[in-house]
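Colleague: Please find one structure pasted underneath; my questions will follow.
The values are calculated or read from the model by the stated rules, or taken from the named source; none is laboratory data. Nothing here was measured: the structure is a model prediction, and the numbers come from that model. Virtual Cβ from ideal backbone geometry, glycine too; neighbours counted across all protein chains shown. The accessibility values were calculated without ligands, DNA or RNA, using every heavy atom of the protein model including side chains. Shrake-Rupley method; radii C 1.70, N 1.55, O 1.52, S 1.80 Å.
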Amino acid sequence: MSGGDIVDAFLTLDGIDPVGFVALLVLFVAVVVCGILATGRRRLRTASLAERFGAEYGRAVEGSRSRRRAESALSERIERRADHGVRVLEPGARTGFRARLGQLQAGFVDGPAFAARAALELVMESAVARGYENSGLAACLDDVSVDHPELVADLRRSLVAAKEWATTEHHRESFVHARALCQRILAEGEHPAGTEAAGGSADCCGPVEHEHATAEVPDMPEPVAD
């Protein structure tokens, strides 16, 4: 008796049809393969989103009931960002925003809390002018985080600290991070020659050298003790 005959005899004794057995085996293998592929795609998606959003990814996961929901929300940000058709500002509009930002900095010493709040409003106003979400600061920052995740994360952290402690130094940090994000929003798509024509520098309040803005800015007024 051949090996095939033995298998056939065994399957027949167990009441299993050989054709049905093979079909079940193929189905089982297909399910396993699909599961492996799905797991691989989820891992790639997680790695891609974590790399793209940085600290914002951790914040989204921490504030969500599950990693999958957080990743879906981040993916929706990317889709909304694409749908909005974010555009480059006209030179006149950019110059106007920069002038207002400079005025806020000049008035920081006299009203740090006001300057910090107004800088946030300017972030949203400049972002909306470029085509980002226009349904509140939180939603606007969500969409801006697609392009500038670390700057948004820095700003969010400073806002939490300023709300909790409300000291002049915390207002200062909030202002600096809002200013850095506003500067980056304004500078995108700007031609170098345009920056010179607008006043010699793309940054009216001192250069931002890194993606993470720090609270130590040479030309920022020293805080007044509360």
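Colleague: Restricting to the range 45-92, name every residue that is in contact (Cβ under 8 Å) with a residue 12 or more places away in the chain and part of a loop (DSSP other than H, G, I, E, B).
Modeller: 54, 85, 86, 87, 88, 89
Colleague: Considering each of 62, 121, 164 in turn, give the residue that is under 29 Å from residue 190 (Cβ atoms), of a type in the set (Asp, Glu) and open to solvent by 30 Å² or more (accessible area, probe 1.4 Å).
Modeller: 121
Colleague: Also, quick follow-up: From the list 47, 55, which one is under 15 Å from the mean Cα position of the chain (by Cα) and farther than 30 Å from residue 169 by Cβ?
Modeller: On inspection, the qualifying residue turns out to be 47.
Colleague: Now a separate question. So which residues in the range 125-141 are among the acidic types (Asp, Glu) and at pLDDT 95 or above?
Modeller: Hit for the range 125-141 is 125, nothing else.
Colleague: Go through the range 129-143 and give me each residue that's closer than 19 Å to residue 88 by Cβ and crowded, with 17+ Cβ neighbours inside 10 Å.
Modeller: Within the range 129-143, 129, 130, 132, 133, 140, 143 qualify.
Colleague: Condition test on residue 35, is it at pLDDT below 80 and of a type outside the set (A, V, I, L, M)?
Modeller: For residue 35, the condition - at pLDDT below 80 and of a type outside the set (A, V, I, L, M) - is met.
Colleague: Among (1) part of a helix (DSSP H, G or I); (2) within 17 Å of residue 178 (Cβ to Cβ); (3) open to solvent by 50 Å² or more (accessible area, probe 1.4 Å), which single condition is residue 95 missing?
Modeller: Single failed check for residue 95: (2).
Colleague: Moving on to the next point. Tell me whether the range 144-159 contains one or more residues that are more than 23 Å from residue 52 (Cα to Cα), touching a residue at least 12 places away in the same chain (Cβ under 8 Å) and open to solvent by 40 Å² or more (accessible area, probe 1.4 Å).
Modeller: Checking the range 144-159: not a single residue is more than 23 Å from residue 52 (Cα to Cα), touching a residue at least 12 places away in the same chain (Cβ under 8 Å) and open to solvent by 40 Å² or more (accessible area, probe 1.4 Å).
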